[in-house]
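Taking it in order: structure first as structure tokens, then the write-up.
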Amino acid sequence: MKKIAFVVLILCFVLVLFADPLFFSEGSEWKYMDDGSDQGTDWREVDFDDSEWSAGFAQFGFGDGDETTVVESGHICYYFRKVVDVEDINSLENVFFEIVHDDGMVLYINGVEIVRSSLMPQTGEITYLTGTTTYIPTADENSFFLYPVDISYFVQGENTIAVSVHNQNTSSSDISFDCRVTDTITYKLDGPYVFYRNDEIVVKTIEVDGPQTYTYTDPTSVELICRFPDEADSFYVNLKEELIIEESSFTLPQKFLATSDIEGNLEAFIMLLSDADVINEDYEWIFGDGHLFFVGDMFDRGENVTECLWLLYKLEAEAEAQGGKIHFVIGNHDMMNLIFDFRYVGSKYILNAQLMGETLESVYADDTELGRWLRTKNIIEKVSPLIFVHGGISPAVAALNLSFDMMNYWGRYRMDDECTTYEGQTINGGSDTGLYWYRGMAEEDLTQHEVGGILNTFDAGKVIIGHTVFNEITFLYNEAVVCIDLDHEDNFQAGFMEALYYENGDLYNFYTNGTDISYTYLTGLTDIEENEIPENTNFDLYSYPNPFNPTTSIMFSIQNDSKVELAIYNLKGQRIKILAQNEFAKGFHSIIWNGDDENNNPISSGIYLYKLNINGKTESVNKCLLLK
């Protein structure tokens, strides 16, 4: 993950509760200090003297344009205070703080730390230099996050409440704070989340009456319940006896349904699976020996990510019992949640993690059932003659000439650690190369020759991808690329769902509006043979990264087995080094150049040429920039 210098913006305040001690509105007046000074820990105490501080009204912040009181940007921390007067301590029953904190916050009452938001470090001392693990998604920068507070922290009379609001780093473009207090709330159902801790199975949920925790010692006694929104329905899940890492390659089944990018939209997912006869009204598998392909991105945005994951988890066991199969191919949003990149996580999950006493990092860690299950999944699968991958296959990945097992090894490696090898970084790279990020196929950045070469490298006829939204199932590159990411949320709101369906050699568009169901023929698979690679004169010669330091990978494709010479030259035409001079099989190839000469001595920064000769004829020349 990218390492960043953390910055903190601290806001503290003391509230005044009059006859009704629970209610005060957002936009209240606070005392504040915004000179960037370190106030230590005294600022959160009852007897702290804030008489020299300024006064202003919430919302406090900078950078958004919606602030009532603008605080100076560029400082590490800012402090705000007010006084709380609880006239009748016996009148307190429930206290809930609702706080806008972009990005994180710590709440104190009478000098005692009460709670840290889920984006804050959950252990260690919080100082004015402590930053958040990531930033709150833009859509939630003004969301009020809920924090129950035990009434035992209050005393009769004056109370001091302090909240530190923390930015991620010095380059953070904005910050926001506001607060209100109430005695009634509505919880958003969530869970279950299953943790393995201290030889016990700990199950945490958010139910109608709030967060609940259940503890078990015997996994066979655990029966999990997943509730629909507003408790309209539910289904039960039993824990698996073991979790096994998936195979990378499979035989094409007689039938399958393929979709992607559901993003936690449970009702849409249920409508699709039910009307396609994958599940019955009790959410049980009835697809027999058919396969269901989910090609990535169940996380973020939607309101029922957890329940959708458990549904696939449950159906997986039921499908295998009937000779069928669930394929969960990891997408970029799935991976982001496993590597602690929470840029797109909905406010519900940030809040519920906090209510359960957990963090976004902990709820899918490797000591959780869903976390362990997700770590068995692949980032690419071969179902001959098809390949399933979330983003697409870049030429850089194809040039690695890795097996499907090795690509999936690097995908699972990234779930728990940084990749330091070129192979791992390329496989898990961003939109330029990575299997679950790359959009070059969907955006038609490649030539037909390149796509044909990529598929031939993997001995495949078509690649099925998600990640990039289309209005309908779309074929690109003479039907070599099949795009199945549809705008499921909008489609469901409009009353219909669609997906890719296959049976007995043919691909169909499956459509349902809840009443009418249709299967529209798209194309066949029975005649797929090796992809035709059109004649091509430039042989797709390029390097990545470029500029580079200290190494770059020079990639090329050839349409026939050929004698290849690849050499480096300076701008004067002087040869620096021969990288390759031998026979190569047709397809994609990658050769590493370490920025050195024939004697393996480092060379200076500058522009260099790399020249590709095929069977004694110069076919392509390109440039790369070495920066030191």
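The values are calculated or read from the model by the stated rules, or taken from the named source; none is laboratory data. It should be emphasised that the depicted structure is a prediction, and the values quoted were computed from it without experimental measurement. When we count neighbours, we look across all protein chains shown, and the Cβ atoms used for this are built from the backbone with ideal geometry, even at glycine.
Could you please give the count of residues in region 357-371 that are assigned to a loop (DSSP other than H, G, I, E, B) and closer than 13 Å to residue 336 by Cα? It would help to see each step written out before you state the result.
First, pick out the residues of region 357-371 that are assigned to a loop (DSSP other than H, G, I, E, B): 357-367.
So of that shortlist, the ones also closer than 13 Å to residue 336 by Cα come out as 360-361, 364-365.
Count: 4.
For region 40-47, the criterion of a residue being modelled with pLDDT of 85 or more and surrounded by 19 or more Cβ atoms within 10 Å (Cβ to Cβ) is satisfied by at least one position. Candidates in region 316-347 are the residues that are touching a helix residue (DSSP H, G or I) at 6+ places or on another chain (Cβ under 9 Å), under 22 Å from residue 283 (Cβ atoms) and not aliphatic (A, V, I, L, M); of these, the one that is surrounded by the most Cβ atoms within 10 Å (Cβ to Cβ) is 334. Only a single criterion out of (1) charged (D, E, K, R); (2) modelled with pLDDT of 50 or more; (3) part of a loop (DSSP other than H, G, I, E, B) is not satisfied by residue 3, namely (2).
Looking only at residues in region 447-462 that are of a type outside the set (Phe, Trp, Tyr) and assigned to a loop (DSSP other than H, G, I, E, B), which one is farthest from residue 251 (Cα to Cα)? Walk me through it before giving the result.
Residues of region 447-462 of a type outside the set (Phe, Trp, Tyr): 447-457, 459-462.
Right, trim to assigned to a loop (DSSP other than H, G, I, E, B) and you get 447, 459-461.
Details: 447: 29, 459: 14, 460: 13, 461: 14 Å.
So the residue we want is 447.
The requirement of being part of a strand (DSSP E or B), more than 16 Å from the chain's Cα centre (by Cα) and not small (Gly, Ala, Ser) is satisfied by residue 387. Here the strands (runs of 3 or more DSSP E) wholly within region 165-272 that include at least 3 residues being of a type in the set (A, V, I, L, M) are 200-207. Given the criteria closer than 28 Å to residue 138 by Cα, charged (D, E, K, R) and more than 36 Å from the chain's Cα centre (by Cα), does residue 102 qualify? No. Checked against the criteria, residue 400 counts as touching a residue at least 60 places away in the same chain (Cβ under 8 Å), in contact with a helix residue (DSSP H, G or I) (Cβ under 7 Å, 6 or more places away or on another chain) and not acidic (Asp, Glu). Restricting attention to region 463-514, and to residues there that are of a type in the set (Phe, Trp, Tyr) and within 24 Å of the chain's Cα centre (by Cα), which single residue is farthest from residue 389 (Cα to Cα)? Among them, the one singled out is 492.
For the subset of region 260-298 comprising residues that are among the polar types (S, T, N, Q) and within 17 Å of residue 514 (Cβ to Cβ), which member is surrounded by the most Cβ atoms within 10 Å (Cβ to Cβ)?
Here is the first cut: in region 260-298, the residues among the polar types (S, T, N, Q) are 260, 265, 274, 280.
Now drop any that are not within 17 Å of residue 514 (Cβ to Cβ), which leaves 265, 274, 280.
Numbers: 265: 24, 274: 17, 280: 11.
So the residue we want is 265.
Look at residue 149 and say whether it is at pLDDT 90 or above, more than 20 Å from residue 78 (Cα to Cα) and more than 29 Å from the chain's Cα centre (by Cα). Yes: the conditions hold for residue 149.
Just one of the numbered conditions (1) in contact (Cβ under 8 Å) with a residue 60 or more places away in the chain; (2) at negative phi is not true of residue 308: (1). Residue pairs whose Cβ atoms lie under 6 Å apart, sitting 6 or more positions apart in sequence or on different chains, and linking a residue in region 508-535 that is assigned by TED's automatic domain parsing to the domain that holds residue 275 and within 30 Å of residue 281 (Cα to Cα) to a partner that is at pLDDT 55 or above and in a loop (DSSP other than H, G, I, E, B), are 509/473; 510/276; 513/495; 513/496.
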